[in-house]
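*Asks:* Right, I'll just put the structure down here and ask away after.
Just so it is clear, none of the values below were taken in a lab; they were calculated from the coordinates. No experiment lies behind these values; they were computed from the predicted model shown. Here the Cβ is made from the backbone with ideal geometry for all residues, glycine too, and neighbour counts use every protein chain on show.
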């Protein structure tokens, strides 16, 4: 009997206490914002879409090796000793033509493991988060600044240079060989 | 004599109340449930096999995605395991910050658990209040490491970033803001008569069943057993802090019912606040990245390290063969082991109670399926 | 109401049309505003904003929803029982709409002045039970049937405390007609039934606590009749079933919703008439003090709508505070708690009214 009356009293009392809590919340201002017009200010260290500053990239491949999901693809071509690719922003001399630098942003897991190994800090995460596309292929970002003809040209140059070097080496070796029997004689 | 057979009801993978993609096959007789069989595997992503192809430090973002609601705990466990294998001693500053982050994450994870528990029962308002509080925690962590949910913050040998200059101030503000919120939650939900009617004396987990099945975390502590890894097997510097371990006492029903597990979670949030208060003013100076090795190549051997995740005991068993890739990483996920208890708990209750019991065990399918 | 408009316009057709259309317009307005207010109130309680883009302050949100529902494809399965399936929403709507015939909106705006108004209302709102059973059966869906049976059990059980409390009021006031009950609670708010009724004697003060108990009981029971939380097992995305209207889509589902909001207003109206003075103003009439006699019915209509909407807002407030009760707990609440208290209440009020 006592439990019965206690149940009744508790039922009414706790409901009223709960109602008081929700009533107070009727008058607190709302915590939501009107999204497309007002956006939440993002902190400075936020990790959203990747960006690569190709002027600084030396083609070292560290970011591609650090990525756990293999979303960065880099192909480089060695430059000829006569060509001057310029300096990076912290004074290093660039030695490789970067012919392909693709980041598949759809695969990126935003872990930031590629940012830390970069020696020139050219790859970093921006605060852009509204970059949806209609076609999936548009999500493969190509950062390389060389066009494909230029890339082919660089490669051809390199092959020609290597071939010349080989030919020179072969000629020098042959000359040495011819000299040797001449010395012997 | 009539031959009766039990009806098989399928609470399919897509359901608003199962916390993820879990399929429950119920054998019911009228309204009473006779047997529950969970079917898993809908979220299996081959985490353990994947680890064998990654280097040790590349595994850390993958561990985030196991229990995605309490990601810092997962990172913590893995980092401790590899550090033990390699014999690295991290600086004091790193230890303090790791503990503060882990306790903040514990509060955030319990907020989700309590909010969705209330929402399953029908009280939709506490769900929104608790998520609003979780936003504060997530923005504190976002200031420091840049991400809100999958942090990749606790690295092997240190942390990825040093804390933001505003971290201490914002955490203290949060601690002061959060204490009245727990009181408000108590008023609105915990002692509400209807909530007590729905959760007390439901899903009683006896002590020996809990121990035999290997339950851990609030599921175990709700049955009255005072077992917390932060006391029993202290890792990091937990032995320097003073906090209590809440256990279920059967205040509104029997010991080990759903209300007790809920109550343990609410009180654990208070104890986490206590730990944060003790730690926040005493963070020593130092460099958080000084102990991070250049190349992580542990010696040959095995290690098992366990941490107290908000859902239970998370364990990592790592076999290393001396190369840069681990040979085997095995995860002992707390939700996977706790889910087994569901079969024992559900016998003889109504169908409407199954949801309540599942919500009180608090599983995350990312861990269960890995 | 018919007499009044007949005198005003002197044409049978116009008055009949007006008498029929007026409650329908009220139900539609209640449904429109009800859905909008529900979303706004729930949003404010949860620290959000609610709909605010469609129209000023989001007022046309329900219109947009309504247009969306009208243009939906009426997808039905082949296995249903089509006659029952089509009649069910009509019955449910009729049950809640027909109650408006006996509810006085003001001293001149009464659908029909029957002397057994209360009895008629309790009887006609039970037609809803038949409609729900038809909806559950005709859907040819195991879970709809289960949901319908539960809903029916809920509605029939909670009619009993309602009837007992109504009986206690009838004992006090001595009449079944809602119009006369409202007229008895004239002048100021201390003459309302919740404060003991209009006669100023010792019985009035003795009655007050029991009137409050009666009000609580009838409020809870009518909350269960309209399937609102904490008693909304039939319509919540509850554990397994979506209730008896799982298989309905488009306009037919809109009829169920309309009937729910219409029912909400009807029961709020009944509770306010029985306990809070119906259309009587708490402070005396402006028309009387200024001297414009024709203003009084409008004032009364205003007060009536005001009181009805306050109770609807309280029902919404309760919905967003409390969790849901399980079916067997619902039934035990009714039979083990509400009915004994209601009967005790009835006996005590009966004794006091003899004094």
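*Asks:* With the Cα gyration tensor of the stretch B:245-312 giving a ≥ b ≥ c as the square roots of its eigenvalues, does the rule (a/c under 1.5 for rounded; else a/b larger than b/c for prolate; else oblate) give rounded, prolate or oblate?
*Replies:* Oblate.
*Asks:* In degrees between 0 and 90, to the nearest 10, how far off the longest principal axis of chain B does helix B:351-361 point, with axes built from Cα atoms?
*Replies:* 20 degrees
*Asks:* On to the next question. Would you calculate, for chain B, the mean residue ellipticity at 222 nm contributed by helices, counting each DSSP H stretch of 4 or more residues as -39,500 (n - 2.57) and dividing by all residues, to the nearest 500?
*Replies:* Calculated mean residue ellipticity at 222 nm is -14000 deg cm²/dmol.
*Asks:* Same structure, new question: Please compute the Kirkwood hydrodynamic radius over the stretch A:50-159, one decimal place, Å, based on all pairs of different Cα atoms. Walk me through the numbers before you get to the answer.
*Replies:* On the way: mean 1/r = 0.0674 Å⁻¹.
Roughly 14.8 Å, rounded to one decimal.
*Asks:* Ok, one more. From largest to smallest, what semi-axes in whole angstrom does the stretch B:37-86 give when each is the square root of 5 times an eigenvalue of its alpha carbon gyration tensor?
*Replies:* So the three semi-axes of the stretch B:37-86 are 22, 14, 10 Å.
*Asks:* Sticking with this one: For chain B, what's the relative contact order in percent, using C-alpha pairs closer than 8 Å and at least 6 residues apart?
*Replies:* Contact order relative to length: 27 percent.
*Asks:* Label-point separation (nm) for residue A:83 and residue A:104, each offset 7 Å from Cα along Cα-to-Cβ?
*Replies:* 2.8 nm
*Asks:* If you don't mind, another one. Using only Cα atoms, locate the centre of the stretch C:35-66 and the centre of the stretch B:49-83, then give the distance between them in Å, rounded to an integer.
*Replies:* 44 Å
*Asks:* Can you tell me how the stretch B:220-370 classifies by the Cα gyration tensor, rounded, prolate or oblate, using a/c under 1.5 as the rounded cut? If you can, show how the numbers build up before the last one.
*Replies:* Values: a/c = 2.91, a/b = 1.44, b/c = 2.02.
The shape class here is oblate.
*Asks:* Semi-axes of the equivalent ellipsoid for the protein assembly as shown, please: Cα gyration tensor eigenvalues, times 5, square-rooted, ordered largest first, whole Å. All intermediate terms of the calculation are to be shown ahead of the outcome.
*Replies:* Numbers: eigenvalues 925, 218, 138 Å².
Here the semi-axes work out to 68, 33, 26 Å.
*Asks:* Sticking with this one: Taking the simple approach of a point 7 Å from Cα along Cα-to-Cβ for both residue C:302 and residue A:132, what is their distance in nm?
*Replies:* 4.9 nm
*Asks:* Something else now. Label 7 Å along Cα→Cβ of residue A:179; the stretch A:146-172 residues with amide nitrogen under 13 Å?
*Replies:* A:171-172
*Asks:* Give the calculated FRET efficiency between residue A:9 and residue B:231 to the nearest 0.05, with a Förster radius of 35 Å applied to their Cβ-Cβ distance.
*Replies:* 0.30
*Asks:* Oh, and also: So what is the 222 nm mean residue ellipticity for chain C from helices alone, if each DSSP H run of at least 4 adds -39500 (n - 2.57) and you divide by all residues, rounding to the nearest 500 deg cm²/dmol? If you can, show how the numbers build up before the last one.
*Replies:* Numbers: 14 runs with 227 residues, N = 355.
Computed mean residue ellipticity for chain C: -21500 deg cm²/dmol.
*Asks:* Rank these for me by crowding, C:28, B:189, going from fewest to most other beta carbons within 10 Å.
*Replies:* C:28, B:189
*Asks:* Treating the angle as unsigned and between 0 and 90°, give the value, to the nearest 10°, between the Cα long axis of helix C:142-173 and the longest Cα principal axis of chain C.
*Replies:* Around 0 degrees separate the two axes.
*Asks:* Sticking with this structure for a sec: Using alpha carbons only, how many degrees (0 to 90, rounded to 10) separate the axis of helix A:2-25 from the longest principal axis of chain A?
*Replies:* Helix A:2-25 and the main axis of chain A meet at about 50 degrees.
*Asks:* Taking the beta-carbon count within 10 Å as an exposure proxy, list C:256, C:245, B:131 from fewest neighbours to most.
*Replies:* The fewest-first ordering by Cβ neighbours comes to B:131, C:256, C:245.
*Asks:* Taking every DSSP beta bridge that has both residues in the protein assembly as shown, what percent is antiparallel when rounded to the nearest 5?
*Replies:* If I count the DSSP bridges inside the protein assembly as shown, around 100 percent turn out antiparallel.
*Asks:* What FRET efficiency, computed as 1/(1 + (r/R0)^6) with R0 = 60 Å and r the Cβ-Cβ distance, is obtained for residue C:53 and residue A:156, rounded to the nearest 0.05?
*Replies:* That gives a FRET efficiency of 0.50.
*Asks:* I would also like to ask the following. Among B:273, A:139, C:258, rank each residue by its count of other Cβ atoms within 10 Å, from fewest to most, as a rough exposure measure.
*Replies:* The order, fewest Cβ neighbours first, is A:139, B:273, C:258.
*Asks:* Percent relative contact order of chain A, based on C-alpha pairs within less than 8 angstrom and at least six residues apart?
*Replies:* 24 percent
*Asks:* Something else now. Residues of the stretch A:30-44 with the amide nitrogen closer than 19 Å to a label point 7 Å from the Cα of residue B:170, along Cα-to-Cβ, please.
*Replies:* Of the residues in the stretch A:30-44, A:31-33, A:39-44 have backbone N under 19 Å from the label point off residue B:170.
*Asks:* Can you list the equivalent-ellipsoid semi-axes of chain C, largest first and in whole Å, using the square root of 5 times each Cα gyration tensor eigenvalue?
*Replies:* They are 34, 26, 20 Å, listed largest first.
*Asks:* Convert 37 °C to kelvin, take the viscosity as 0.692 mPa s, use the Kirkwood radius over C-alpha pairs of chain B as Rh, and evaluate the Stokes-Einstein diffusion coefficient in µm²/s, rounded to a whole number.
*Replies:* My calculation gives 154 µm²/s for D.
*Asks:* Please give the FRET efficiency for residue C:292 paired with residue C:64, using the beta carbon to beta carbon distance and R0 = 56 Å, rounded to the nearest 0.05.
*Replies:* 0.90
*Asks:* Now, a different point. Report the label-to-label distance for residue A:49 and residue A:1 in nanometres (one decimal), using points 7 Å from each Cα along the Cα→Cβ vector.
*Replies:* 7.6 nm
*Asks:* Hey, another quick one. Starting from the Cα of residue B:304, move 7 Å in the Cα-to-Cβ direction to define the label point; list residues of the stretch B:347-365 whose amide nitrogen is under 14 Å from there.
*Replies:* Counting backbone N atoms under 14 Å from the label point, the list is empty.
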